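Report on one structure; see the data block that follows.
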Amino acid sequence: MRALYIKAYGGPDVMQIGELPDPEPKRGEVLVAIKAASINPVDWKVRSGELKLITGRTFPKTLGSDFAGVVERVGTGVAVPSVGERVYGITALMLRKPGAHAERLVAPPKRLRRMPDSMSFELAAALPVAGLTALNGLRQCGDLHGKSVLINGATGGVGHFAVQIAKARGATVTAVCSERNAERARSLGADVVIDYRKQDFARGNVRYDVVFDVFGHLKFPAVAPVLKDHGTMVTTLPGPSLIARMVWRRFVGGKHIVLGSMRDRPGDYAELERLLADGSIKPVIDRVVPLTEAAQAYAALEVGGTVGKVVIRTG
Ligand SMILES: NC(=O)c1ccc[n+]([C@@H]2O[C@H](COP(=O)([O-])OP(=O)(O)OC[C@H]3O[C@@H](n4cnc5c(N)ncnc54)[C@H](OP(=O)(O)O)[C@@H]3O)[C@@H](O)[C@H]2O)c1
């Protein structure tokens, strides 16, 4: 099969496209012919070696977390899904399992979700990691109706879902993004847009019920002054000091911190699919590229400026 893989950690130049052996489904496994996959920051973080203590030193390593495709074969003992079913999901890339930027993938059924009939492969591949992260981050902030929610990093993969979900739940939404994406943020439903290059919202006078730091580099002491009493800071990238503060804030009460991390229980997928079906969220796909152009697509995401998701067509 053709795959995007690395034989060593490093920059974009370590990515190669070539033939790897077709994976074989063992007992309890499913072989999926991947039709589309999307790129998430975790993919280029794995490639760079930033996470090598977790991802190990076994090569070649295929990259890619989100995927959508068709069940090609099932191993013994697999009752569902069946051959021909359209499925989507998230690989266990961080657990040293094969990635999805390839023509085929072997995964256990628990990692596969049946695709709703109305979903295209591109759309299904754009949804899981970013959509489930936005959903989980906001879920922990309680009832958002009438609340003021600021999304920092509002037009990227996670952010563009978070803006739409917060809006659908009745919040007034402030989007923080670069100027070039301001119009897009408004079209997603943002009431107020702040260009992070021109204005530091954390030094402003407006106070928020929720600050969702999707970008993930803000410190709690910087955010706290613009949080209302009992307000919540959500972060996608918790460092050790933030985790320590999170535990501490639980004891002392008042303003607190929660982790905006990805959760992929069946009920989470069902909630995301409901939001999609009722039109509350519309995934934005910045571009769809063939596997041969995947390295350039990675580079575009790393440099910044893409809106929503970047999708790779694999089949
Ligand atoms: N913990 C988890 O389970 C989990 C799950 C998913 C993602 N994450 C992490 O969450 C982060 C965001 O993921 P993503 O998929 O949304 O990435 P993304 O698609 O690359 O989006 C990142 C966004 O951050 C914006 N940004 C860049 N510099 C900024 C700044 N100084 N201030 C505010 N915003 C800024 C970018 O805007 P411009 O392009 O307009 O500059 C872009 O829209 C990544 O670090 C990812 O690893 C964690």
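For the reader, a short list of remarks on this structure follows.
- Within the span defined as the stretch 91-110, every residue fails to be of a type in the set (S, T, Y), more than 16 Å from the ligand (Cβ to nearest atom) and in contact with a strand residue (DSSP E or B) (Cβ under 7 Å, 6 or more places away or on another chain).
- Residue in the stretch 282-298 that is at pLDDT 95 or above, assigned to a loop (DSSP other than H, G, I, E, B) and open to solvent by 30 Å² or more (accessible area, probe 1.4 Å) present: yes
- Check on K147, touching a residue at least 24 places away in the same chain (Cβ under 8 Å) and either at positive phi or not hydrophobic (A, V, I, L, M, F, W, C) (or both): yes
Table: residues versus (1) under 22 Å from the mean Cα position of the chain (by Cα); (2) open to solvent by less than 80 Å² (accessible area, probe 1.4 Å); (3) within 16 Å of the ligand (Cβ to nearest atom).
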| residue | (1), (2), (3) |
| --- | --- |
| R184 | yes, no, yes |
| L188 | yes, yes, yes |
| V214 | yes, yes, yes |
| V223 | no, yes, yes |
| D229 | no, no, no |
| V234 | yes, yes, yes |
| L237 | yes, yes, yes |
| V247 | no, yes, no |
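- Extreme residue, farthest from the ligand (Cβ to nearest atom), among residues of the stretch 27-45 that are buried (at least 24 other Cβ atoms within 10 Å of the Cβ) and more than 13 Å from the chain's Cα centre (by Cα): V30
- Residues (more than 16 Å from the chain's Cα centre (by Cα) and more than 12 Å from the ligand (Cβ to nearest atom)) located in the stretch 254-274: G254, K255, H256, I257, P266, G267, A270, R274
- Residue pairs whose Cβ atoms lie under 9 Å apart, separated by 6 or more positions or on different chains, with the first residue in the stretch 281-309 and in contact (Cβ under 8 Å) with a residue 60 or more places away in the chain and the second of a type in the set (K, R) and away from the ligand (no atom under 15 Å from the Cβ), are V288/R313; L291/R2; L291/R313; T292/R2.
- Within the stretch 145-165, considering residues that are in contact with a Leu (Cβ under 7 Å, 6 or more places away or on another chain) and closer than 12 Å to V211 by Cα, the one nearest to the ligand (Cβ to nearest atom): N152
- Screening D195 on (1) open to solvent by 70 Å² or more (accessible area, probe 1.4 Å); (2) farther than 24 Å from D66 by Cβ shows it passes everything except condition (1).
- The single condition among (1) closer than 23 Å to K309 by Cα; (2) open to solvent by 40 Å² or more (accessible area, probe 1.4 Å); (3) touching a residue at least 24 places away in the same chain (Cβ under 8 Å) that E50 does not meet is (3).
- Of all residue pairs spaced 6 or more apart or on separate chains, those with beta-carbon atoms under 9 Å, a first member in the stretch 193-210 that is in the same structural domain as K167 (by TED's automatic domain parsing) and a second member that is polar (S, T, N, Q) and in a loop (DSSP other than H, G, I, E, B) are D195/S178; Y196/S178; R197/S178.
The values are calculated or read from the model by the stated rules, or taken from the named source; none is laboratory data. From a predicted model like this one, the values you see are computed outputs, not experimental measurements. Glycine gets a Cβ as well: all are built from the backbone with ideal geometry, and neighbour counts include every protein chain shown. Calculation scope for accessible area: heavy atoms of the full protein, side chains included, ligands and nucleic acids excluded. Shrake-Rupley method; radii C 1.70, N 1.55, O 1.52, S 1.80 Å.
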